[in-house]
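This report refers to the structure that appears directly beneath it.
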């Protein structure tokens, strides 16, 4: 009987240790702020990296990163590394043919010599800026592509989770826009 009780005590203590070990090992999920290093490749070419630079930080669920990447980061632990493939539909979407628009060449900045593939900064009526790529030049008209430059592309991320912490709480009044 004493052996049974001693063995049970050891199991209980070991079980408590395991609970504490998991409690101190946060995972990527709702309510967490995640910091990670990443390298993005497209068509086997490195497009962008945070390695050796400022790591990327985001709050899970805040829609600050593409959905396909965020979904596959869920459940990861600090120091864990992973290669994540994201289909275009879960990244920047497929190429939208309606996002190609023609403009007169005279609408471009003065002194600019347009070339196919040139990236311009367009400004929306609300003042926000976004890229537009010259897709074609037809006489006195230029066709601009307003799709995201990575639209229609499958993305590959090599990631390493550097830190996971509780996300800061944002007061409701600060989170919602004020109306008068």
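The values are calculated or read from the model by the stated rules, or taken from the named source; none is laboratory data. Computed from a prediction, not measured in an experiment: that's the story for all the values here. Here Cβ is always computed from backbone atoms with ideal geometry, including for glycine, and neighbour counts include all displayed protein chains.
Filter region 33-61 down to the residues that are outside any strand (DSSP E or B) and in contact (Cβ under 8 Å) with a residue 60 or more places away in the chain, then identify the one that is nearest to residue 162 (Cα to Cα). So the residue we want is 55. Residues of region 108-122 that are surrounded by fewer than 10 Cβ atoms within 10 Å (Cβ to Cβ) and either free of Cβ contacts under 8 Å to residues at least 12 places away in the same chain or on the phi > 0 side of the Ramachandran plot (or both): 109, 110, 111, 113, 117, 121. When you look at residue 101, is it modelled with pLDDT of 95 or more and either more than 28 Å from residue 69 (Cβ to Cβ) or outside the structural domain of residue 67 (by TED's automatic domain parsing) (or both), yes or no? It is true that residue 101 is modelled with pLDDT of 95 or more and either more than 28 Å from residue 69 (Cβ to Cβ) or outside the structural domain of residue 67 (by TED's automatic domain parsing) (or both).
One line per residue, one yes/no per condition, for (1) over 29 Å from residue 49 (Cα atoms); (2) not in a strand (DSSP E or B):
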| residue | (1), (2) |
| --- | --- |
| 98 | yes, yes |
| 103 | yes, no |
| 113 | yes, yes |
| 116 | no, yes |
| 120 | no, no |
| 125 | yes, yes |
| 131 | no, no |
| 160 | no, no |
